[in-house]
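Report on the following structure.
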Amino acid sequence: MTGRPDVADRATAGFSHGYDATPAGRWAAPGRVNLIGEHTDYNDGFVLPFALPLRTVVAADPQPGERWTVRSEIADRPVDFGAADADTPGRVTGWGGYVAGVVWALREAGYAVPGARLAVASDVPLGSGLSSSAALEAAVLAALADLGGLDLPAERRPRLAQRAENGYVGAPTGIMDQSAVIRCRAGHALFLDCRDESVDHVPFDLDAVGLAILVIDSRAPHRHADGEYASRRAACERAADLLGVPALRDVPVADLDAALGRLPDDETRRRVRHVVTENQRVLDTVALLRAGRVAEIGPLLTASHASMRDDFAITVPEVDTAVEAALAAGALGARMTGGGFGGCVLALVEASAAEPVAAAVRSAYAGRGFAAPDTLTALPASGATRLP
Ligand code: GLA
């Protein structure tokens with residue numbers, strides 16, 4: 001990222017070059033990492049993400065009629081679509097599908113969406129599990145809502161952005177990513193109850209306690225991630241049916257053994273054990289953060305990773321290597337973050353250890369012949385916003 005012009009300036013420049021005009025405004029939404037609570041969101045459970053300082057920016061102005069034109073710095077040609085395309089899920093494909101999906105979700109919910117010209121620039125890496133798609137959806141949603149004067153409070157936006165992804169793009173994801181990129185606050189992690197979408201902003205001031213979160217992009221190729229995600233989700237829903245509960249959220253950790261005894265096979269038992277114990281780890285993490293005992297969350301992060309590796313079976317050698325190397329180099333805790341099968345690892349470290357831990361991971365990667373991982377240290381940033 002070093003040396004690149006500021007992302008907001010790039011969005012403005014993309015707009016000016018593309019449309020020979022000045023945008024009416026610019027809207028930004030961040031990427032996110034999830035501190036803990038993986039594959040719990042679609043089980044009506046708990047998650048604890050925070051927003052990254054890396055952002056996607058959309059520069060936009062209204063255009064007459066029901067027409068949307070989108071330029072992106074990653075594409076040579078604009079994507080252009082009208083109401084018929086927006087109203088047919090899946091018709092606009094690729095990155096433009098996230099934009100069309102937002103238009104679709106808003107129209108489906110009864111909003112009069114203004115036609116618009118948009119230009120997108122982003123510092124959120126694509127395909128790294130940092131929610132670049134949610135950042136794009138949230139920035140576009142904010143732009144269209146403001147341009148059209150839509151009555152759309154922030155609490156309603158995550159569901160609409162998720163609708164775009166589920167209903168238009170066709171990815172069966174939960175509510176975490178869109179909630180994080182819209183509702184997070186700087187210096188805080190977002191404790192979200194995915195059943196009723198209530199939130200609590202939990203102070204997570206790493207600087208003040210001399211700690212840092214190191215984010216390591218495993219650079220593992222996504223191996224069948226979409227199909228595996230859908231199959232994990234289906235397994236959880238089947239298990240909830242078998243247990244006679246609306247969602248696995250309704251199995252308290254104290255009842256876990258009894259619940260496991262009622263399940264037919266080892267694989268289902270392991271999937272359920274992950275979700276139930278992971279929900280409890282989120283609650284325990286929140287309790288420690290509220291008590292100011294930040295360094296003590298490390299073992300919970302590491303336990304979460306073991307659960308994803310052994311019970312939910314969603315890790316790959318690259319992420320396991322990054323976690324092991326970070327812990328061996330003194331990280332207080334480490335885990336994969338996001339949907340799995342690649343993506344990023346986060347490690348909680350003493351601030352002064354961030355670089356040595358990153359170096360240890362790079363060296364472990366080199367030893368195994370993996371492509372060198374990218375790293376960044378992340379302080380919790382704020383959610384989607386209009387830029388001045
Ligand atoms: C992806 C999905 C989220 C969530 C995570 C796993 O990021 O988009 O909804 O399910 O995986 O926690």
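Derivation of every value follows stated rules applied to the coordinates shown; laboratory data play no part. Bear in mind that the values here come from a model prediction, so they are computed numbers and not experimental data. Cβ: placed from backbone, ideal geometry, glycine included. Neighbour counts: every protein chain shown.
The table below gives the values:
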item: Whole-percent pair-distance distribution, where bins are 5 Å wide, for the alpha carbons of segment 205-378; result: 1, 9, 16, 18, 17, 14, 12, 7, 4, 1
item: Most mobile of A119, A235, A75 in a GNM of the chain (Cα contacts under 10 Å); result: A75
item: Span-like helix ranges in the chain, DSSP H, alpha carbon extent 20 angstrom or more, Kyte mean at least 0.5; result: 132-147
item: R67 paired with A84, simple spin-label distance in nm, labels 7 Å along Cα-to-beta-carbon; result: 1.5 nm
item: Pairwise FRET efficiency - A24 versus E350, Cβ, R0 = 51 Å, nearest 0.05; result: 0.65
item: Cβ-Cβ FRET estimate between R262 and D196, R0 fixed at 25 Å, reported to 0.05; result: 0.40
item: Interchain or long-range residues, amide H under 5 Å from H188's placed H; result: F204
item: P(r) tail fraction, the chain - alpha-carbon pairs more than 34 Å apart, %; result: 28 percent
item: Options H39, A143, P78, ranked by Cα towards positive dipole end of the chain, top entry (Cβ charges); result: P78
item: V245 versus L387: modelled label distance in nm, points set 7 Å from Cα along the beta carbon direction; result: 4.4 nm
item: Hz values of 3J(HN,Hα) by residue in segment 123-128 - Karplus curve (6.51, -1.76, 1.60), Gly and Pro given as x; result: 9, 7, x, 7, x, 9
item: Net charge dipole size for the chain [Lys, Arg +1 and Asp, Glu -1 on Cβ; Debye, nearest 20]; result: 300 debye
item: Förster-model FRET efficiency, 35 Å R0, L379 and A313, C-beta, rounded to 0.05; result: 0.65
item: Using θ = phi - 60° and Karplus 6.51 cos²θ - 1.76 cosθ + 1.60, couplings along segment 65-77 (whole Hz; Gly, Pro as x); result: x, 9, 9, 10, 10, 10, 10, 9, 5, 9, 10, 6, 10
item: Antiparallel DSSP beta bridges within the chain, as percent of all bridges there, nearest 5; result: 90 percent
